[in-house]
1. Out of all the residues in the range 1-40, which are surrounded by 10 or more Cβ atoms within 10 Å (Cβ to Cβ) and outside any helix (DSSP H, G or I)?
2. If the Cβ limit is 6 Å and pairs must be 6+ apart or interchain, which residue in the range 10-25 that is among the hydroxyl-bearing types (Ser, Thr, Tyr) pairs with which residue that is surrounded by 12 or more Cβ atoms within 10 Å (Cβ to Cβ)?
Amino acid sequence: TNCDPDEVDYKIPGNDDAIRSIELLTRVITDAIAEGLKARSAAAAPTAVVEAAESLEKEILAAAPAEEAAPATTPEA
């Protein structure tokens, strides 16, 4: 990574300069979050789980076009 990894709480080894790698890591983390929300909300009404998953999906989809449109910048040394 291009920053100090000491500040990171959960270190995930991977190539953070490759878009496919970032997409894979993001997808795995997103799936884990969705699975956790479903497990936590098992006792809640089914509509709450669906709403939480839809909200999370909307946030991810809204952020994706902005990331693709913005060119990657590399600080020059």
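Read the figures in this text as sums done on the coordinates, not as results from a lab. Note that the coordinates shown come from a computational prediction; the quantities given were computed from them, not determined experimentally. Cβ placement follows ideal geometry from the backbone for every residue including glycine, while neighbour counts extend to all protein chains displayed.
1. If the condition is that a residue be surrounded by 10 or more Cβ atoms within 10 Å (Cβ to Cβ) and outside any helix (DSSP H, G or I), then Thr1, Val8, Gly14, Asn15, Asp16, Asp17, Ala18 are the ones that fit.
2. Partner pairs satisfying both residue conditions: Ser21/Gly14; Ser21/Asn15.
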